[in-house]
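Written below as structure tokens is the structure these notes are about.
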Amino acid sequence: MGNSHQSRPGPDFHIPYGTGQTRQESSAGTDVGCVLLRSMRMPSVKYQKGDKVMGRWPGSSLYYEVKVLGFDIPSQLYTVIYKDGTELELKEHDIKNFTGFQTRSRSRSRSPGRRRSRSRSPGRTTRRSSSRTAAVAAAAATESSLSSNKDTKLEVRLSPLQQTMAAENNSNNKHEENNMANKVNEAEAEVEAESEKNQGRYNLRRRKDDGGAKPASVVAEQQEKEVVKEAAPPAATLSTPLDFGGKIGAYLWLLFLPSWVLFLVFQVNLEDPSLLNFPPPLPPLEAFWDVQALGFVILWILFQALLYVLPVGKLSEGMPLRSGERLKYRTNGFFAIMVSAVAAAVAVHQGVDLTYIHSHFLQLAVASFLISVLLSVYLYARSRYAAPEQLAQGGNSGNVVYDFFKGHELNPRIKNFDLKFFCEMRPGLIGWCLINFALALAEMKVHRLDAPSYSMILVNVFQLLYVVDGLWNEEAILTTMDLMHDGFGFMLAFGDLVWVPFTYTLQAYYLVSHPNSLSLPVVGAIVTLKLLGFYIFRKSNSEKNAFRRDPSDPKLSHLKTIPTATGKSLLVSGWWGVVRHPNYLGDLMMALAWSLPCGFSHLLPWYYMIYFIILLVHRDSRDMSDCRRKYGSAWDEYCRTVRYRIIPRVY
């Protein structure tokens, strides 16, 4: 949750908007009016759910067999699925019945995922009018000749990974016939594209596509943005299965998460923190609350907010949104943690007793929980007034509790202040390091030591390195699931402000009351494990982030990929050719290094390792489901190429 890395160890359950009026804003009233008029008419639905029909492939005049999944009345779009698993949203005139459908020799050509690049998209300029007139005449003549062939069967191939060469192996006459049909169909596509462009609309768009397909060049990216903006996408509707047990699960998680954090805090305070001591003894009610602790948490959040808004550091560009817009973020997290470290050192030098954090750990956790709840209520309330394109698809179920938990609005901002990005990267992450430092001071105070123990030093240094690395590479979080897809609601707010700082510090808290001595050889072995895991984690994440941002980068030309029908590609070489999640493997090795300094006397300090394994298994299943739905047969080919999911098999 509040972690800067691609595999965030939190509950799986981050240019500011311009001040001028954008094209979408200026036409908002018109769009709303059109939606209302369409709703009042309530047109009959021609195709029903489950119908098998012929759907036109985007940017071409080719039709392929599809199955209707549903119809959205406000947008007047049919959701259909092709045989390779690709989901699109089509308008009614892009769908035809099987009955009377005139097949073309073009239908025997390659799959749409491979042929569509040869057709002209609506965003491109067309040829001269004389060429279009000739194309129309040729198309009409061909259509007339083909319509007499009633017995021709339609052959559909929809796997972008299968490079079918049957047409090229046919006789010369058939080869020439196919070439002529290809030219005619491309000419038809140009005419249709010109007609749609003149009408100011683009009626074919990919389902669940965040800002369009990833282009190979900057020029293509700009053209794609212009097309998406002119399209004025309809309101976000839930098109994916509900996570975390659905609506009932949301209720349970809202109760379980705070209870679990309190349980861990109660356990770690026991002299014998065994899980068999259940339930742990509860302190009196007054022990849960302290006004000074609340003030300390508020002051800490305001201090981090001040560092965030300072004009220091780089303005980084996020990934394209559904509208085609790219938000900008102030990535100065490394600056923030350096200033915070200096402030903590000055406070200790001035006599401030930071061991207060250890003695008031419960009260600080409760205060942070209260702030996360208030923030979540504010986030959901403001999301009710957000524009449809600003909502998160996964948190737009229509159920209040589920959307409150998952996050209704994707990128809530107060002017230029991005709330999700700030909470993901600042108060909880840097607070994690501050709490660890305070617990090291508490160990020295309790045991009258001149320096922290080897175990405490290892835990502090390992976790500090993890956080500093995340803030140094803060830009990488802009390509993660949290920032790109998950809305900002209770799940992330609680995780960022409570879960991370008050559960990831359990190893250090445990060592205050349960010291564990380590020999130098053991220290060396643990350090080696940590460095190896960190190397795998950082190199694999950097490779993935660089590829996501610019797949055409010459530095990445050696990497092998699998193309998909969405226009994006899947990495199958480098670190990502060894296992599907090499960053998870590195993360697991680092998690093991965090727990080993605490020894094997109790299971509690191994909580993070156990929790992290469960988290990665759940996240891996989410990734598998989402990618199979998004990439279809390309994902099946990827799974056959990269067989192992997290840990490679050793022969």
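The values are calculated or read from the model by the stated rules, or taken from the named source; none is laboratory data. What you see is a predicted model, and the numbers here were worked out from it, not measured in a lab. As a convention, Cβ positions derive from the backbone with ideal geometry for all residues, glycine included, and neighbour counts pool all protein chains shown. Remember, those area values only see protein heavy atoms, side chains included, never the ligands or the DNA or RNA. Shrake-Rupley method; radii C 1.70, N 1.55, O 1.52, S 1.80 Å.
Given 37 °C and 0.692 mPa s, compute D for segment 246-291 with the Stokes-Einstein relation, Rh being the Kirkwood radius over Cα pairs; round to the nearest whole µm²/s.
Numbers: Rh = 12.3 Å.
The estimated diffusion coefficient comes to 267 µm²/s.
If you sort the three axes of the alpha carbon gyration tensor as a ≥ b ≥ c, you get a/c of 1.5 or more for segment 314-410 and a/b no higher than b/c, which makes it oblate. Which part of segment 456-488 falls in the paramagnetic zone of V377, meaning amide N under 19 Å from the point 7 Å along Cα-to-beta-carbon? Under 19 Å, as judged by backbone N against the label point of V377, lie 488 of segment 456-488. Packing, taken as the mean count of other beta carbons within 10 Å per residue, orders the peptides 269-282, 386-399, 350-363 from highest to lowest as 386-399, 350-363, 269-282. Accessible-area rank, largest first, for H558, H618: H558, H618, with all protein chains present and a 1.4 angstrom probe. Set the bar at 28 Å for Cα to Cα. Now go through K314/K420; K420/K530; K314/K539; K420/K568 and name every pair that lies beyond it. Check vs 28 Å cut-off fails for K420/K530. Taking only protein heavy atoms and a 1.4 Å probe, the accessible area of segment 451-582 is 66% carbon and sulfur.
Considering only protein heavy atoms and a 1.4 Å probe, what is the carbon-and-sulfur percentage of the accessible area of segment 270-337?
Working: 2760 of 3870 Å².
Of the solvent-accessible surface of segment 270-337, carbon and sulfur hold 71 percent.
The residues of segment 295-375 expose on average 45 square angstrom of accessible surface per residue, using a 1.4 Å probe on protein heavy atoms.
On a 18 Å Cα-Cα criterion, which of the cross-link pairs K49/K630; K67/K96; K49/K406 come out too long?
Values: K49/K630 20 Å; K67/K96 12 Å; K49/K406 28 Å.
Beyond 18 Å between Cα atoms: K49/K630; K49/K406.
Counting Lys and Arg as +1 and Asp and Glu as -1 over every other residue whose Cβ lies under 15 Å from the Cβ of Y510, the net charge comes to -3. Average accessible surface for segment 389-428: 27 Å² per residue, computed with a 1.4 Å probe over protein heavy atoms with every protein chain in place.
Figure legend: label point modelled 7 angstrom from the Cα of L69 along Cα→Cβ; residues of segment 610-631 with amide N under 20 Å from it are 621-631.
Packing here is the average count of other Cβ atoms within 10 Å per residue, and on that basis the peptides 70-81, 453-464, highest first, run 453-464, 70-81. 3J(HN,Hα) along segment 579-589: 9, 6, 9, x, 5, 5, 4, x, 4, 5, 5 Hz, from the Karplus curve 6.51 cos²θ - 1.76 cosθ + 1.60 with θ = phi - 60°, whole Hz, x for Gly and Pro. Summing charges over neighbours of F488, with a neighbour being any other residue whose Cβ is under 13 Å away from its Cβ, gives -3 when K and R count +1 and D and E count -1. The listed peptides 332-344, 440-452, ordered by packing as a protection proxy, come out as 332-344, 440-452 (highest mean of other Cβ atoms within 10 Å first). Between segment 585-640 and segment 304-366, what is the C-alpha centre distance in whole Å? Using only Cα atoms, the two centres lie 27 Å from each other.
Reported to the nearest whole Å, the Cα centre-to-centre distance from segment 466-537 to segment 542-576 is 27.
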